[in-house]
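No value in this document is a laboratory result; all are computed from the given coordinates. Just so it is clear, the model here is predicted, and its values are computed rather than measured. Don't worry about glycine lacking a Cβ; one is built from the backbone with ideal geometry, like all the others, and counts go over all protein chains shown.
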Amino acid sequence: MKRASLVAAAAILLVADAFALIHARWNRLGPPETDITLTERELPLGYNADEEDTSVTLDLRWMDISWEAFGQEQGPRWANPDILRELGFDTSVPPSDPRAIEFYNRQRPRRAFVALEYDGPAWQTHVKDTARQAREQGSGAQARLPLHTHDGETRLIVVDAGSAVARLRRRHPDRHSVMIVPAVVRITLELAARANGDQPARPARLSAAVQQIPASIHVPEPLSDLFRRWQRNPSQIKYRVRLLYGAENEPWVAAVETPAPSNP
Amino acid sequence: MGEAERRPVTSQSGAQQSADRVRLLREELATPELQRVLALSPEQQKRFDDWAADRLAQLAERFDVDTTVSEERVSWGMRIVSTLGGIAICAAVVLFFLRYWGNLGTPVQAVIVCAAPLAALAGAEFAAARERTLYFTGLLALMAFVLFVMNLAALASIFNFESTERALLAWGAFALGLAYRYGLRLLLAAGLLLAISYAAAAVTAQFGYRWLDFSDRPELVAILAVLVFCVPLAIPHPRCADFPAVYRLVGSIVFFLCILSLAESDVPSYLPFRHVNIERLYEFVGLLVSAGAIWLGIVRHWYGLANVSAASFVIFLFTRLYRWWWDWMPKYLFFAVIGALGIALVLVFKRLRGRMARKAVPA
């Protein structure tokens, strides 16, 4: 028994490491699932709480846009009942049913994949929507608030969700502008709103929100040296990162570009 | 009579219990009070002294047990120091790695994190072959476990793996392997906690949820804790006599924590009832099961279980009383009632103890 437990412990070590290394190799074999170049707006340098930690990570930043339209918060455009059912949520109770609040509150977040579009139509729509809202509110009580600017804001927008990568990729075939990543999605219930002045009435509807996307991305040597140098002088860092996702939908940093020095 | 006493001594803890009994018997026989009742002839006294000395020497030779109170105190100090030292060395190794690993290339990082737990395991095996008390072995085994946790966590970070519950399985199985190899209770407890977590996380992930949410609805964890509690009933541990108590402690503590969170902490449940009814139900279950477990612990001489259950019973009872009375009762009266209940419980336990003592007296 004792000899067997020693052999088992050693075997567990070796098998777990072999499995991890084969998994890593398998992820990077073949053509990448996503090949995208992002900037410091989408991949800022990760915060390192421990000063002695010399590892370098980038944090993936994304937006799941739910916006104030006519004073009412609305869920993201991608979240419709068909997608919710595809993700495995039970939508059998109508949103207007009195039991709906408890029924949908009890449902747990589910694992899924989401499509993140980079600097595409969803981003342009977001910019236009915020500009329109600023105009509409310009004469109201919020007129004195500073205008919302998009400087430094990530241009990665959640545009779709699904239970399988292949199905999502068929809907968004451009691997250079749409990345498909694992995520955790929760179902939400938007309550009905009565008509108020020029605001139309709105029925209760089901929606969803992306709760989590794995964000921390390790930067290997020698690429991490660039970031360490920048950490000493962090102001005005501009860079572009070529990010690849492999067969297992796990990312790696393939290249880091810095802007060419401007001519004097 | 405990499990260890009924069988020949095969473990260090069983040997220590045996040595303690011999030492106490020798001390009692030397007291004038007992000598008035049981006067041994000089020859009998010599035969007993020789036997006791021989028995203690055998146990000390084979298991390195403590044969005096002073030795026992020093051993406790060594145990505490070796555990704290092990934890400190683990922290040092992990922080050292963090300090320099950013400057290393990916292949070097992978080789270091894979080789480190293997080296610690080899060190534990080397130490185990050279010591009987296993202080250094325990320290190195703890290091091997922590380094294996760091190993998989570092590989996951280097290669940006998506978080998976399978790491819990590997860590738990490794901890259990080390625990059974060297008879280490701390690693057994860690392995059991990881095994419970893995099983709950795997079921959670199987249904399409995030595995990290496995403790959101604690009923599944509570069921797994009961299974862990029952393991020693199905699998005897003749070589590790002190392991069944660890199974029972881990099982009972996890079970009562789950029931307590369901009853008091507003966590969701699998049951399709109103939240307030679910809380009442689990309060009742907590009181009932903890009372039953106190009885079981006393009857089966599982004193760890009896203590954990008594603490749980008191917590369930007092939280219930708090909910009933805190808002409308004057605070002084509330604490007076709690104090009176405490005294009543002491009287109940005293009576129970007296009844047990009467039963223990042979007819």
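Once both axes come from the Cα atoms, what is the angle between helix A:2-28 and the longest principal axis of chain A, in degrees from 0 to 90, rounded to 10? Roughly 60 degrees between the two axes.
When Rg and Dmax are taken over the Cα atoms of segment B:126-216, they come to 15.1, 50 Å. The stretch between B:I223 and B:W76 holds 49.4 nm of extra length on full extension. This uses 0.36 nm per residue minus the Cα-Cα distance. Relative to the dominant Cα principal axis of chain A, helix A:223-232 is inclined by about 70°. Based on C-alpha pairs under 8 angstrom that are at least 6 apart in sequence, chain A has a relative contact order of 30 percent. Full extension of the segment from B:L345 to B:A39, taken as 0.36 nm per residue of separation minus the current Cα-Cα distance, would add 105.9 nm. Our estimate of slack between B:I87 and B:F207, defined as 0.36 nm per intervening residue step minus the Cα-Cα distance, is 39.5 nm. For chain B, the Stokes-Einstein estimate of translational diffusion at 25 °C and a viscosity of 0.890 mPa s comes to 100 µm²/s, using the Kirkwood hydrodynamic radius over alpha-carbon pairs. Below 8 Å between Cα atoms, with a sequence gap of 6+, how large is the relative contact order for segment B:217-325 in percent? That works out to 25 percent.
Per-residue Cβ neighbour counts within 10 Å put B:E71, B:E219 in the sequence B:E71, B:E219, beginning with the fewest. As a proxy for reagent exposure, ranking B:L176, A:L6 by other Cβ atoms within 10 Å from fewest up yields A:L6, B:L176. Each part gets one Cα centre, and for segment A:74-102 versus segment A:173-187 those centres are 20 Å apart.
So how tilted is helix A:121-137 from the main axis of chain A? Cα-based, degrees 0 to 90, rounded to 10. It is inclined by approximately 40 degrees.
Converting phi to 3J(HN,Hα) with the Karplus coefficients 6.51, -1.76 and 1.60 and the offset θ = phi - 60°, segment B:265-282 yields 9, 6, 8, x, 10, 6, 6, x, 10, 5, 4, 5, 5, 5, 4, 4, 4, 6 Hz in sequence order, with x at every glycine or proline.
Once you keep just the Cα pairs under 8 angstrom separated by 6 or more residues, what percentage relative contact order results for chain B? The value is 11 percent.
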